[in-house]
Amino acid sequence: MKKPFSAAIRKLSAAFQKHLAETEAQVERLEQVFELIGKPARGKTCPAIDGILEEGEEIMSEYKGAPALDAGLVAAAQAVEHYEIARYGTLIVWAEQLGMSEAAELLKTTLSEEELTDEALSALGESGVNERAMQQAA
């Protein structure tokens, strides 16, 4: 039982590291979008994402050291991805409606990355992470 659990942790960690690198490129693209619209890019706190992250912290605390931790982290990460997918989809439509095709293309690149990350997280959950969590709960 230890070996698959360790493998799941490594896969989950690798997925988070990969997405962190993608996020840096996504920030650069967002800065380009802001340049295109002639506005300064600035960070802004998002209460929805803050809530999802808080939920993730609760999962880490409650399930520390248990197989359910991985399943919970996958679920929390997917919640973030789904939120981002929804937001990027909306921004793309707005950019297209405003005739800002270059901005729309930059946003589409990011949307595609977010969708791929979501798919990878689903695959990770389906590869045994969720099953191990359910076995523990039974």
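The values are calculated or read from the model by the stated rules, or taken from the named source; none is laboratory data. Treat the numbers as computed from the prediction; the structure is a model and nothing was measured. When we count neighbours, we look across all protein chains shown, and the Cβ atoms used for this are built from the backbone with ideal geometry, even at glycine.
Within the stretch 85-104, can one find any residue that is surrounded by 14 or more Cβ atoms within 10 Å (Cβ to Cβ), within 17 Å of the chain's Cα centre (by Cα) and closer than 28 Å to Met134 by Cβ? Looking for residues that are surrounded by 14 or more Cβ atoms within 10 Å (Cβ to Cβ), within 17 Å of the chain's Cα centre (by Cα) and closer than 28 Å to Met134 by Cβ, one finds at least one in the stretch 85-104, hence yes.
Scanning the stretch 16-35 for residues that are closer than 21 Å to Gly125 by Cβ and surrounded by 17 or more Cβ atoms within 10 Å (Cβ to Cβ) turns up at least one hit. The single residue among Ile92, Ile52, Ile59, Ile37 that is farther than 27 Å from Ala14 by Cβ, at pLDDT below 95 and of a type outside the set (Gly, Ala, Ser) turns out to be Ile37.
Contact list please: Cβ distance under 6 Å, first residue in the stretch 9-29 and over 22 Å from Leu111 (Cβ atoms), second residue among the basic types (Lys, Arg) and at pLDDT below 90, pairs at least six apart or on different chains. Pairs that qualify, where the first residue is over 22 Å from Leu111 (Cβ atoms) and the partner is among the basic types (Lys, Arg) and at pLDDT below 90: there are none. Considering the stretch 105-138, and only residues there that are β-branched (Val, Ile, Thr) and within 14 Å of Gln26 (Cα to Cα), the residue that is nearest to the chain's Cα centre (by Cα) turns out to be Thr117.
Let's see how each residue does on (1) among the acidic types (Asp, Glu); (2) more than 27 Å from Glu62 (Cβ to Cβ); (3) at pLDDT 90 or above:
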residue	(1), (2), (3)
Ile85	no, no, yes
Tyr88	no, yes, yes
Ala103	no, yes, yes
Leu106	no, yes, yes
Thr110	no, yes, yes
Gln135	no, no, no
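Could you pull out the residue among Ala76, Ala104 that is part of a helix (DSSP H, G or I) and either polar (S, T, N, Q) or closer than 24 Å to Lys18 by Cβ (or both)? The conditions single out Ala76. Can you name every residue in the stretch 89-104 that is touching a residue at least 12 places away in the same chain (Cβ under 8 Å) and either farther than 12 Å from Arg29 by Cα or in contact with a strand residue (DSSP E or B) (Cβ under 7 Å, 6 or more places away or on another chain) (or both)? Within the stretch 89-104, Gly89, Leu91, Ile92, Ala95, Met100 meet the criteria. The lone criterion from (1) in a helix (DSSP H, G or I); (2) more than 18 Å from Thr117 (Cβ to Cβ); (3) under 20 Å from the mean Cα position of the chain (by Cα) left unmet by Thr45 is number (1).
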